[in-house]
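Worksheet for the structure shown next.
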Amino acid sequence: MKKPQLLRQHLVAAVPALDKDPERLLIYVDGGGLAAGFAAGLSFEYRYTLDLVLTDYAGSPESVMVPLLQWLTRHQPELLSNAAKRGELRFEVDVLAGDLVDLSIKIPLTERVIIRQDDAGLWQLVHAPEPPPEYEHRHTLAGGEVYDAGTLVARLPEIVG
């Protein structure tokens, strides 16, 4: 599985509160499963819920949500483009002392793995890219910074691949 690490890298780069302590961002994979058919090559799809937990967080929720949505436009676009799936992103907040919270976001993810024989007869494993979104999201894929009343909320890294 590649998406948990890709999302972690993206959020550590994007969320200002993680600059000094990226270990506060915890990622768990819950309810994982495989979807596979009886096709040649043993290709399959991972299906799981990613539980992203930000501990002792004092920033605005938008500092996490905006970069998360940006990442989803490239790595799980149907969560945003399919009206039936838009409600599948869930979050919980545990209010701690002062202005600190633990923020947990649950994200249903899939990853396709294709296994096929190459011209030399060797079996090759390929992590399939997501299909491109139905329309171009240039404004959400471009890098930049997001501000709220003059305060930096998030840095949006350029999404590659």
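The values are calculated or read from the model by the stated rules, or taken from the named source; none is laboratory data. As the structure is a computational prediction, the values presented were derived from the model and not from experiment. Note: ideal-geometry Cβ built from the backbone for every residue, glycine included; neighbour counts use all protein chains shown.
Do the conditions hold for Glu62, that is, is it at pLDDT 95 or above and either in contact with a Cys (Cβ under 6 Å, 6 or more places away or on another chain) or surrounded by fewer than 18 Cβ atoms within 10 Å (Cβ to Cβ) (or both)? For Glu62, the condition - at pLDDT 95 or above and either in contact with a Cys (Cβ under 6 Å, 6 or more places away or on another chain) or surrounded by fewer than 18 Cβ atoms within 10 Å (Cβ to Cβ) (or both) - is not met. Scanning the range 63-84 for residues that are farther than 18 Å from Thr49 by Cα and either small (Gly, Ala, Ser) or under 10 Å from the mean Cα position of the chain (by Cα) (or both) yields a count of 5.
Being at pLDDT below 95, among the acidic types (Asp, Glu) and over 14 Å from Glu111 (Cα atoms) is the filter here, so list the residues in the range 30-51 that pass it. The one that is at pLDDT below 95, among the acidic types (Asp, Glu) and over 14 Å from Glu111 (Cα atoms): Asp30. Quickly run through the range 145-161 and pick out the residues that are among the small types (Gly, Ala, Ser) and modelled with pLDDT of 80 or more. Matches in the range 145-161: Gly150, Ala154. On inspection, Thr55 passes the criterion of being over 14 Å from the mean Cα position of the chain (by Cα) and closer than 21 Å to Arg24 by Cβ. From the list Leu80, Leu72, which residue is closer than 24 Å to His10 by Cα, at pLDDT below 95, in contact with a Ser or Thr (Cβ under 7 Å, 6 or more places away or on another chain) and not in a strand (DSSP E or B)? Answer to the selection: Leu80. Test Val93 against the criterion of being of a type in the set (Val, Ile, Thr) and within 25 Å of Asp148 (Cβ to Cβ), and give yes or no. Yes: the conditions hold for Val93. One residue stands out in the range 1-28 among those that are in a strand (DSSP E or B) and touching a Leu at 6+ places or on another chain (Cβ under 6 Å): the one that is surrounded by the fewest Cβ atoms within 10 Å (Cβ to Cβ), namely Ile27. The residue pairs whose first member lies in the range 92-107 and is aromatic (Phe, Trp, Tyr) and part of a strand (DSSP E or B), whose second member is surrounded by 13 or more Cβ atoms within 10 Å (Cβ to Cβ) and modelled with pLDDT of 95 or more, and whose beta carbons are closer than 8 Å, counting only pairs six or more residues apart or on different chains, do not exist in this structure. With respect to the conditions (1) touching a residue at least 60 places away in the same chain (Cβ under 8 Å); (2) surrounded by fewer than 16 Cβ atoms within 10 Å (Cβ to Cβ); (3) more than 24 Å from Pro131 (Cα to Cα), Glu45 falls short on a single one, namely (3).
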